[in-house]
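The values are calculated or read from the model by the stated rules, or taken from the named source; none is laboratory data. Computed from a predicted model, the values in this text were never measured in an experiment. Note: ideal-geometry Cβ built from the backbone for every residue, glycine included; neighbour counts use all protein chains shown.
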Amino acid sequence: MDAVSMSAVVFADREAVFEFLRDFEGYGKYSEHVRDVDVNGDGDVGTEYAITFGWWKLTYTARSRVVDVDPPSSIRWEIVKDVDAHGQWRLEALDLDADRDEIDDPVPSDATAATRVSIDVSFDAGSVGSDALDLPLFVSLDWVLERAKPLVAQQAGQVLRRVVADLEGRERTPALHVHETPDSVDVDRDDLDVSGN
């Protein structure tokens, strides 16, 4: 399985971050590749999402389900159709004084709390069946999958940075820690820089 894991610090209370992340429907505005998000549920276990992506000449609807919610520490989900994939948000409260050496960003003078927000995604690109995508003539599934892997890492970084901006109510480029990327993908901080969309 390939994996993407990254984290950033947001200057907000962990409970507020948790509630914000449960509103998955709002994530559609964080990626130019998300066309639509349909939600069936309230963000608790069993909630299902149909997330329609558009990239290159392809459109695909991923169907995910929330499988575990541990307020205010984590939200886990799995993809339930076409690909073996799962992921989670992990939240760790940080003490602005005691954990100062773990916070790479300048601490705003009005900050009263800090939370390390991590996103972890694991996926088996080889589990995607050839019937999952309507591919253009002469385009192989392997070709598409090799180009999609770096996109997964870049989009995870973009979503994480935009979550931080929305929670803090200001634009900034938080320090993004890349803990793991797919084996065949060399992604560094420069690759994950996000412009203002």
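Between residues in the stretch 86-98 that are within 11 Å of residue 113 (Cβ to Cβ) and in contact (Cβ under 8 Å) with a residue 12 or more places away in the chain and residues that are of a type in the set (Ser, Thr, Tyr) and loosely packed, with under 15 Cβ neighbours inside 10 Å, which pairs lie under 8 Å by C-beta distance while being six or more apart or on different chains?
96/112
Please specify each residue of the stretch 153-173 satisfying the condition of being of a type in the set (Val, Ile, Thr) and assigned to a helix (DSSP H, G or I). Don't jump to the end; show me each part of the working.
Initial filter on the stretch 153-173 (of a type in the set (Val, Ile, Thr)): 159, 163-164, 173.
If the condition is that a residue be of a type in the set (Val, Ile, Thr) and assigned to a helix (DSSP H, G or I), then 159, 163, 164 are the ones that fit.
Would it be correct to say that residue 8 is at pLDDT 90 or above, small (Gly, Ala, Ser) and within 24 Å of residue 115 (Cβ to Cβ)?
Details: at pLDDT 90 or above: yes; small (Gly, Ala, Ser): yes; within 24 Å of residue 115 (Cβ to Cβ): yes.
Considered against the rule, which asks whether it is at pLDDT 90 or above, small (Gly, Ala, Ser) and within 24 Å of residue 115 (Cβ to Cβ), residue 8 comes out as yes.
Name the residue that is surrounded by the fewest Cβ atoms within 10 Å (Cβ to Cβ), counting only residues in the stretch 154-191 that are at pLDDT below 85 and small (Gly, Ala, Ser).
Going through the qualifying residues, I end up with 184.
Which one of 195, 118, 140 is at pLDDT below 55 and closer than 21 Å to residue 2 by Cβ?
Details: 195 fails: closer than 21 Å to residue 2 by Cβ; 118 fails: at pLDDT below 55.
Only one candidate qualifies: 140.
Can we say residue 43 is under 17 Å from the mean Cα position of the chain (by Cα), within 21 Å of residue 164 (Cβ to Cβ) and at pLDDT below 90?
Details: under 17 Å from the mean Cα position of the chain (by Cα): yes; within 21 Å of residue 164 (Cβ to Cβ): yes; at pLDDT below 90: yes.
For residue 43, the condition - under 17 Å from the mean Cα position of the chain (by Cα), within 21 Å of residue 164 (Cβ to Cβ) and at pLDDT below 90 - is met.
Is there a residue being at pLDDT below 85, within 30 Å of residue 12 (Cα to Cα) and aliphatic (A, V, I, L, M) anywhere in the stretch 67-76? Step through it out loud before you land on a result.
Of the stretch 67-76, the ones at pLDDT below 85 are none.
No, the stretch 67-76 contains no residue that is at pLDDT below 85, within 30 Å of residue 12 (Cα to Cα) and aliphatic (A, V, I, L, M).
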